[in-house]
Every structure is written in C-alpha cells, then in structure tokens.
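Q: Sharing a structure, written as structure tokens. Questions coming.
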Amino acid sequence: MALERETDDHTGVETTGHEWDGIKELDNPLPRWWLWVWYGTIAFSIAYWVAMPAWPGLHGYTKGLLHKSDRAEVAQQLAALDVQRGAGAAMLRTASLEQIEKDPKLQAYAQQVGQSVFGDNCATCHGIGGTGGKGYPNLRDDVWLWGGKLEDIQYTITHGVRTGADGARMSQMPAFGRDELLKPEQIDDLTEYVVKLSGRPADAGAVARAAPIFATQCSACHGPEGKGNQQVGAPNLTDGEWLYGADRAAIRGQIFAGNGGVMPTWQGRLSPETIKALAVYVHSNAGGQ
Amino acid sequence: MPTLIDNTRPKTQTRTAVSAAARAKGKSQAAGGLYKPRQPIYPKLVHGKWRTIKWAMLIATLAVYYVTPWIRWHRPDGFPQQAALVDFTGRRFYFFDIQLWPQEVYIFTGVLIAAALALFLVTALFGRLWCGYACPQTVWTDLYIVVERLFEGDRNARMRLDAAPWSFDKAWRKIGKHLVWLGIAFGTGGAWIFYFHDAPTLIRTFWIGQAPATAYVSCGLLTATTYIFAGWMREQVCTYMCPWPRIQGAMLDEHSLQVTYLRDRGETRGPHKKGQSWEGRGDCIDCRQCVVVCPMGIDIRDGSQLECINCGLCVDACDEMMVKVGRPTGLIAYDTDHAVASRACGQKSVYKPVRSRTVYYAAALAVVGGLTLWSLVTRPKADLHVIRDRNPIFVRMHDGAVRDGYTLKITNRTFVDRRFQIAFDGVAGARLSQPGGEPGRVSVLVPADQVASVRVFVTAPPAADLAASVPGRFIVRADGAAAEAKTVFLSGAANPQ
C-alpha cells in the first residue's frame with residue numbers, strides 16, 4: 001500500500017501516511033533536545049573509542065589514549081593498602097605480646113586485626129564467637145589443652161596441632177578399644193572411673209577395678225589425679241569441660257578410639273604480625289591467663 | 001485576593017490566544033511556549049526610613065557572614081582555635097564554648113525547629129520580615145543592585161542602556177558590572193569555606209592549590225549560585241523557587257502586619273494637579289513610584305501578593321511623594337488587612353498581636369527552645385555505651401563460674417585526658433576484669449575529646465544462684481565526669497518455664 005502523506009487540517013503538520021482505524025500519526029520532528037542528546041552520545045562514543053580501551057584485536061586490544069586498565073588500578077590500590085597497613089604491622093612486629101595487650105591502642109588494633117583474621121580463618125572450626133564445638137576446643141573459657149598464656153597461644157597458632165610438621169604440637173591418645181589394648185569390660189570400668197574423677201556419682205566397684213588400669217595406662221599423660229598435662233595436650237579430666245562430650249557414651253567412645261583433632265599450621269599462611277594479633281585477640285577474649 | 005495585576009509588564013499573550021494557524025507555522029513562539037520570558041525589573045533607588053534599616057541590615061548580615069570565621073577562640077593545644085568551625089574531618093562542631101559531637105545533632109535539629117517556629121511567629125506578627133530584610137537572596141540582590149547602579153546608573157539610565165545598541169560605553173559598563181558581581185560571588189563562596197577549615201591556614205593553602213578539593217568545589221558552587229541567583233534570577237528565586245512564599249500563606253492572617261496600601265485612604269486614585277481640591281477623592285495620585293522602586297516588580301496597590309517580600313521600599317517611595325503633595329505620609333504602610341477593612345467601614349482599627357495563632361507559635365517556640373537549651377546545658381561530659389557480647393552470650397569456666405564479656409565505649413567530651421575507673425553493679429560477688437589489665441583495678445584512659453573502647457569481663461562466682469538474666473549497670477568515673485549505663489548479666493541458667 002502506498003503511503004499517502006497528507007497535511008493535517010487542524011495542526012498543519014504532515015502525517016506519516018499510516019492510518020489505524022481512522023487515527024493518523026502526525027510526522028512531527030523529534031524534539032530538538034532529544035536530537036542533541038543523541039548527537040552528543042554519538043560524539044561521546046567516538047571520543048570513548050579513542051580515549052579508552054575499546055576494540056578487541058587478534059593479539060590484545062586497542063589501549064586507547066588514556067591507557068586505562070582496571071587491573072592495574074586494583075594492583076595499585078592493593079599496594080596502597082599494604083603501605084597503609086604497614087604502620088600497624090610495624091607496631092605489631094616490634095612490640096612484645098605483653099606490650100601489645102597492655103597498651104590500649106595496640107590492644108585495640110590487635111583486636112580489630114584479630115577479629116577479622118579469626119573470622120576468615122579460625123571460625124570455620126572454632127565458631128565465629130570462638131566457642132568451638134564437639135572436637136573443636138572452646139577458646140573463650142579458661143580451659144586450655146596446650147596452654148593459655150600468650151606465648152602458648154602464639155605457638156599453637158604458628159605451628160598447629162598434629163600436622164606432622166616439625167614443631168607442631170603433637171600427642172596421640174591410644175585407641176584402647178579399637179587397637180584392642182584393653183578389653184571392653186575394662187573400658188567400661190575406666191569410663192566409670194573418669195566419670196568419678198569429674199566429681200559425678202559412679203559405680204564404686206567399677207571405679208575400684210579401674211584404678212590400677214588408670215594408673216598404668218592413663219596417668220602418664222593425664223596425671224595420677226587426672227588433672228591433665230598441657231605439655232602433651234592431655235586434658236584435665238576433673239573439670240566440667242569435655243571436648244568430645246561429657247556423658248558415659250562419649251567418654252567410652254573417646255577411650256575406645258582416642259580421637260585427636262588436627263589444627264593447621266598457620267606459619268606461612270599468616271604473617272608473624274597477624275599471628276601475634278590473633279594470639280592477643282584469642283587470649284584477651286578468653287579473659288587472659 | 002486579586003490575582004497578580006502587573007502594570008509594569010506588557011500584557012503577555014496567554015496560551016489559549018495562540019491560533020492554530022500560528023502553530024501550523026511550526027514555530028513555537030515565546031508567547032505560546034511553556035515559559036513566560038522574564039520581564040526585566042529596574043528598581044529605582046529610594047531613600048527613607050525603611051531603606052535606611054535595610055542598609056543597616058545589609059551591612060550587619062554581611063558583616064556577620066564575613067567576620068564570623070575569623071574570630072579566634074582559645075581552646076587547649078591541639079584543638080581548633082577558631083570560634084565557629086564545622087570540622088568534618090574531626091567530626092566536631094565548634095561554636096565559641098560549645099563543642100558538639102555528631103551524635104548531638106539533635107541540638108542542631110532543635111535549633112532549626114526553634115528557628116522555623118521563630119520565623120512562623122515573626123511572620124504571623126509582622127509579616128515577611130525575613131524575606132524583606134534578612135534573607136541572603138534579598139541581601140545579596142540588594143548588594144548586586146548597588147553594583148549595577150554604580151556602573152549603569154539608576155532605573156532610567158539602566159533602561160536606556162539596555163535598549164541602546166552595543167557600544168563601547170555599554171560594553172565596559174556591562175563587563176565591569178559582571179566582573180564585580182563575579183568578584184562578590186567569589187568572595188561569598190570564599191568566605192563560606194572558612195567555616196569548615198581553619199581560616200588563616202586555608203586562605204594560604206587555597207591560593208597555592210593545597211586546599212582540600214571540597215574547598216574548591218564548595219567555593220565554586222557558592223560563587224556560581226551567588227552570581228546566578230543575585231545577578232540573573234533575583235526576584236524569580238523568590239517567586240518561583242522558594243517554598244517560603246507558599247508556606248507563609250498558612251502563617252499570615254488578617255491581623256498580620258504587612259506592607260499594605262491603605263485603599264480606604266488612597267481610593268479613588270487619580271492624577272492630582274497642584275492646587276486641585278482633595279475633596280471627594282483618595283490620596284493616591286497614581287504616580288507609580290511604589291511600582292518603580294519595587295525589587296519584585298509588583299504593584300502593592302493590588303493587595304497582599306505572593307511576590308511581595310515586605311521590604312517596605314514602596315512605603316519610603318510613597319511617603320516621599322505624600323510629603324511633596326502635602327498629604328499625610330503612610331498611605332502605604334505596615335498595617336493589617338483587618339485594620340484596612342475596619343476603617344473602610346468607618347470603624348476604628350485595632351492591632352491585635354495576641355491571638356491564638358501567635359500564642360501557639362510562641363508557646364511552641366518556648367517549648368522547643370527551652371528543651372534545646374536545657375539539653376545543651378545539661379549534656380554530660382562523659383558518655384557510656386555498653387555492648388554486650390552476643391556470641392557467646394556467656395562462657396562457663398572450668399569451675400562452674402560464668403563469665404560475660406562486654407565492650408564499653410566511653411566518650412570523654414572534655415579537653416583533658418581522663419582515666420575512668422570502671423565498676424559493675426548488680427551481681428553479688430562478681431569479679432570485674434580486663435584483658436591485659438592489673439587484677440582488681442579496671443580502668444581506661446580516655447584521651448581528651450575522644451571515645452575509648454575497652455573490653456571487660458564480669459565473672460559470677462561458681463554456684464551463684466542467679467536468674468537467667470540479671471539486671472546490672474556499669475559505672476565509669478573520672479575526676480569531674482561520670483556516666484553509667486544499664487545492661488544485663490546472662491548467667492546461662494535456664495529460663496523459668
């Protein structure tokens with residue numbers, strides 16, 4: 001259908017020639033401001049091609065006059081961040097752990113660093129509040145397997161536990177049941193003995209039968225009174241703190257299998273300054289020993 | 001109220017008057033466009049009582065604006081020595097002996113509300129005094145017109161100059177005027193930034209390019225707005241941009257003093273020749289002096305209008321004419337609509353400043369102003385905020401003791417370092433401790449004008465029979481400053497069913 005343009009009587013403007021149910025469209029020009037914005041965007045896009053990286057090529061891309069590179073900017077910002085953090089890191093490097101904890105400013109700084117690093121690296125096992133869980137020690141109370149002094153905590157974080165690496169905290173509770181070192185009924189008796197140690201009522205006969213077994217098998221690490229030994233990471237059996245559970249089944253299970261968790265070595269992954277801050281964070285949040 | 005009848009402006013065509021044929025030509029003429037082009041206003045210089053008051057206000061307000069940032073004020077070393085300073089970097093506001101923290105912004109809010117209520121009250125009583133005398137738009141426009149008059153002469157000369165073709169004479173006058181305007185605008189923007197930085201330092205660093213970018217941007221913005229608003233837009237700012245002329249309609253009533261043409265005395269108006277009788281006619285001789293001096297370009301004889309800023313220049317102009325023709329002054333005066341109406345019916349006019357509206361405004365002003373002042377005067381020198389550890393909410397020790405951790409934020413609002421002793425009250429036999437602190441002595445040094453954050457622990461003794469949640473409070477004390485805050489001690493006991 002040929003489009004017949006006609007002049008609209010009322011406005012004096014030509015129509016486009018389209019007609020829909022008697023409605024015709026006026027062929028008014030585009031608003032001038034709209035046109036200018038459009039021309040402006042065309043001009044801008046050409047300027048953008050010239051100034052900014054724009055066109056892909058076979059080997060790379062057009063760099064543009066400004067040589068803008070987001071990647072380089074990120075690298076620059078990261079470098080700037082290192083410089084910015086440098087002052088704090090230097091303070092942590094030179095101060096001793098005690099000095100850090102005693103100085104309110106350094107302590108506050110260490111808390112900030114420690115909190116963020118703890119959240120990133122430690123919270124997975126120890127929990128975001130540091131309260132641990134079954135098999136993962138609670139870091140907020142006053143019970144420590146490997147010592148709760150600042151240096152002890154720093155050492156544990158630096159070297160880890162049972163990683164097999166040189167210097168790592170190492171101890172292994174025998175699996176008395178699984179390796180058939182003790183008979184099942186002896187393990188039952190020992191369980192009663194340990195329950196008794198922690199001040200709970202227990203079967204007196206079983207306790208009497210287990211006493212010599214405890215003396216020969218357990219006291220080397222846990223001590224004759226069951227108070228534990230932080231040198232070898234042997235827990236105190238007389239308090240209310242149980243890493244793998246407090247009930248008889250859990251205690252029996254631990255004597256049977258001798259579970260021992262592994263904590264990674266953080267040396268090499270975290271800088272010594274960060275480990276210092278982390279040690280202060282953990283220490284002060286546990287009330288400080 | 002009559003709609004605007006503006007005799008100074010040529011009658012403009014309204015939209016409906018544009019014929020279809022005119023539109024058919026496809027040309028959007030100014031008359032048919034969306035916007036009415038501005039009719040330039042050439043206010044004539046006038047002398048008199050109100051003009052004198054306006055000059056005084058102009059000098060006073062500009063003096064306050066330019067001088068305030070240069071007032072020095074003694075504060076301890078390390079603190080700004082400037083009397084009025086909005087210190088964004090340090091997050092403080094200093095005003096002579098008052099020093100506010102960001103969290104005390106409510107005092108600002110109070111001051112702003114009180115200022116708004118004061119404006120309501122003044123408007124209800126005396127009309128738009130703010131617009132006519134104190135508003136920066138009025139003050140700077142007045143200043144710009146002074147400059148304009150200096151270069152281009154008074155009303156008639158300016159009209160002639162604008163109508164004349166371009167010449168050297170016209171060019172230098174126009175260029176000179178705009179240069180001085182820009183200078184004033186720059187001075188305005190330049191003075192503004194001194195409120196935000198140490199003025200003597202900034203005035204040096206500004207010129208050598210070492211001032212903060214915000215200083216240059218703010219100065220540029222204020223320069224631009226001053227030049228545009230006071231030089232080019234003038235009365236349009238009041239008429240079209242400012243919300244206040246609209247709001248004031250709610251404050252004004254027939255008892256508000258406003259610049260008023262006393263139509264009871266002025267009508268019937270008409271030209272008057274010397275020696276003619278004044279019998280049977282009004283005092284208005286239709287000389288239009290009230291119109292030509294008006295910076296808003298209106299005719300006050302049309303009654304109270306949105307555009308009128310109540311500056312009183314028409315009062316001065318009319319008084320001058322009345323003296324000349326030997327009639328009493330005050331044909332245009334600060335008067336009330338009610339008084340005019342009363343006199344028109346032959347009754348006595350009464351000015352009634354005490355009415356429910358003004359009483360309400362005054363009462364609200366007294367309450368808000370009083371509360372603001374009270375909170376400013378009684379604000380404590382120290383603040384304590386307690387943030388309870390939420391993960392874990394409590395820790396059980398090996399011996400059954402329970403320990404809760406808290407972070408205390410102690411604000412020292414004084415200009416000296418203070419050591420705050422910390423105490424906890426609420427749990428019998430509880431021990432307060434601090435990581436890295438000496439046993440039995442829990443304290444923290446809070447530097448002058450700073451907030452210190454300190455972690456403390458409260459340990460309830462083993463076997464203490466405590467409820468699940470025990471109310472308690474922390475108290476921090478230093479010489480001359482103390483604060484306390486409520487909190488709870490969570491014992492880990494099961495909640496009663």
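The values are calculated or read from the model by the stated rules, or taken from the named source; none is laboratory data. For clarity, every value in this text was computed on a predicted model and none was experimentally measured. Note that each Cβ is placed from the backbone with ideal geometry, even for glycine, and that neighbours are counted across all protein chains shown.
Q: Taking the conditions exactly as written (aliphatic (A, V, I, L, M), closer than 30 Å to residue A:98 by Cα, more than 40 Å from the chain's Cα centre (by Cα) and not in a loop (DSSP other than H, G, I, E, B)), does residue B:476 satisfy them or not?
A: So residue B:476 does not fit the description; no.
Q: In the range A:1-11, what count of residues is obtained for those that are of a type in the set (Gly, Ala, Ser) and modelled with pLDDT of 85 or more?
A: 0
Q: Name the residues in the range B:279-294 that are in contact (Cβ under 8 Å) with a residue 40 or more places away in the chain, in a loop (DSSP other than H, G, I, E, B) and more than 23 Å from residue B:347 (Cβ to Cβ), would you?
A: Correct list: B:285, B:288, B:293, B:294.
Q: For the range A:43-120, which fully contained helices (runs of 4 or more DSSP H) count at least 3 residues that are within 14 Å of chain B (Cβ to nearest Cβ)? Show your work before the answer.
A: Numbers: elements: A:70-94, A:97-102, A:104-117.
Passing ranges, in order: A:97-102, A:104-117.
Q: Quick one: count up the residues across the range A:7-32 that are loosely packed, with under 10 Cβ neighbours inside 10 Å and in a strand (DSSP E or B).
A: 2
Q: Return the total of residues in the range B:222-234 being of a type outside the set (Ser, Thr, Tyr), within 19 Å of the chain's Cα centre (by Cα) and not in a loop (DSSP other than H, G, I, E, B).
A: Count: 3.
Q: With more than 14 Å from every other protein chain (Cβ to nearest Cβ), within 22 Å of residue A:140 (Cα to Cα) and among the small types (Gly, Ala, Ser) as the only criterion, which of B:478, B:493, B:483 stands out?
A: Just one listed residue meets the conditions, B:493.
Q: Moving on to the next point. For the range A:229-262: of the residues being among the β-branched types (Val, Ile, Thr) and away from every other protein chain (no Cβ under 14 Å), which is nearest to residue A:163 (Cα to Cα)?
A: Top of the filtered list is A:262.
Q: Tell me, which strands (runs of 3 or more DSSP E) wholly within the range B:394-462 include 1 or more residues that are within 9 Å of another protein chain (Cβ to nearest Cβ) and out of contact with any Asp or Glu (no Cβ under 9 Å at 6 or more places or on another chain)?
A: Details: elements: B:402-412, B:418-425, B:431-433, B:443-446, B:450-460.
Per the criteria, B:431-433, B:443-446, B:450-460.
Q: Here's another thing I want to ask about it. Name the residues in the range B:65-118 that are acidic (Asp, Glu) and more than 23 Å from residue B:373 (Cα to Cα), would you? If you could, list the steps in order and put the result at the bottom.
A: Here is the first cut: in the range B:65-118, the ones acidic (Asp, Glu) are B:77, B:87, B:97, B:104.
Residue satisfying the conditions is B:77 alone.
Q: Filter the range B:368-393 down to residues that are part of a loop (DSSP other than H, G, I, E, B) and within 14 Å of chain A (Cβ to nearest Cβ), then give me how many there are.
A: 5
Q: Of all residues in the range A:237-251, count the ones that are assigned to a helix (DSSP H, G or I) and surrounded by fewer than 19 Cβ atoms within 10 Å (Cβ to Cβ).
A: If we filter the range A:237-251 for residues that are assigned to a helix (DSSP H, G or I), which is where we start, we get A:248-251.
Filter again for surrounded by fewer than 19 Cβ atoms within 10 Å (Cβ to Cβ), leaving A:248-250.
Qualifying residue count for the region: 3.
Q: Further question on the same structure: Is at least one residue of the range B:320-333 in contact with a strand residue (DSSP E or B) (Cβ under 9 Å, 6 or more places away or on another chain), within 21 Å of residue B:42 (Cα to Cα) and part of a loop (DSSP other than H, G, I, E, B)?
A: Within the range B:320-333 (the criterion being in contact with a strand residue (DSSP E or B) (Cβ under 9 Å, 6 or more places away or on another chain), within 21 Å of residue B:42 (Cα to Cα) and part of a loop (DSSP other than H, G, I, E, B)), the answer is no, since none of the residues qualifies.
Q: Of the conditions (1) surrounded by 13 or more Cβ atoms within 10 Å (Cβ to Cβ); (2) at pLDDT 95 or above, residue B:56 clears all except one; give me its number.
A: Evaluating residue B:56 over (1) surrounded by 13 or more Cβ atoms within 10 Å (Cβ to Cβ); (2) at pLDDT 95 or above leaves (1) as the failure.
Q: Looking only at residues that are modelled with pLDDT of 90 or more and either in contact with a helix residue (DSSP H, G or I) (Cβ under 7 Å, 6 or more places away or on another chain) or among the charged types (D, E, K, R) (or both) in the range B:453-477, which one is surrounded by the fewest Cβ atoms within 10 Å (Cβ to Cβ)?
A: B:473
Q: Is there a residue being in contact with a strand residue (DSSP E or B) (Cβ under 7 Å, 6 or more places away or on another chain), in contact (Cβ under 8 Å) with a residue 12 or more places away in the chain and either part of a loop (DSSP other than H, G, I, E, B) or away from chain B (no Cβ under 14 Å) (or both) anywhere in the range A:263-277? Walk me through how you get there before you give the answer.
A: Just the residues of the range A:263-277 that are in contact with a strand residue (DSSP E or B) (Cβ under 7 Å, 6 or more places away or on another chain), to begin with: A:263.
Those still in the list that are in contact (Cβ under 8 Å) with a residue 12 or more places away in the chain too: A:263.
Retained after the next criterion (residues that are either part of a loop (DSSP other than H, G, I, E, B) or away from chain B (no Cβ under 14 Å) (or both)): A:263.
Yes, the conditions are met somewhere in the range A:263-277.
Q: Among A:287, A:226, which is the only one that is within 14 Å of another protein chain (Cβ to nearest Cβ), part of a loop (DSSP other than H, G, I, E, B) and touching an Asp or Glu at 6+ places or on another chain (Cβ under 8 Å)? So that I can check it myself, show each step before the final result.
A: Working: A:226 fails: touching an Asp or Glu at 6+ places or on another chain (Cβ under 8 Å).
After ruling out the rest, the residue left standing is A:287.
Q: Pairs, please: C-beta under 8 Å, at least 6 apart or cross-chain, first residue closer than 11 Å to residue B:412 by Cβ and in the range B:469-486, second assigned to a strand (DSSP E or B) and acidic (Asp, Glu)?
A: As it stands, the answer is B:476/B:484; B:483/B:383, since those pairs meet every condition given.
Q: May I pose another question? With the requirement that a residue be aromatic (Phe, Trp, Tyr) and within 12 Å of residue B:327 (Cβ to Cβ), what does the range B:252-291 give you?
A: B:278
Q: Then there is this: Do you know which residues across the range B:257-289 are small (Gly, Ala, Ser) and closer than 30 Å to residue B:357 by Cβ? Outline the logic, then answer.
A: Kept after step one, since they are small (Gly, Ala, Ser), are these residues of the range B:257-289: B:266, B:270, B:275, B:277, B:280, B:282.
The one that is small (Gly, Ala, Ser) and closer than 30 Å to residue B:357 by Cβ: B:266.
Q: Next up: Tell me, which residue of the range A:130-187 that is hydroxyl-bearing (Ser, Thr, Tyr), outside any loop (DSSP other than H, G, I, E, B) and more than 23 Å from residue B:404 (Cβ to Cβ) is farthest from the other protein chains (Cβ to nearest Cβ)?
A: So the residue we want is A:158.
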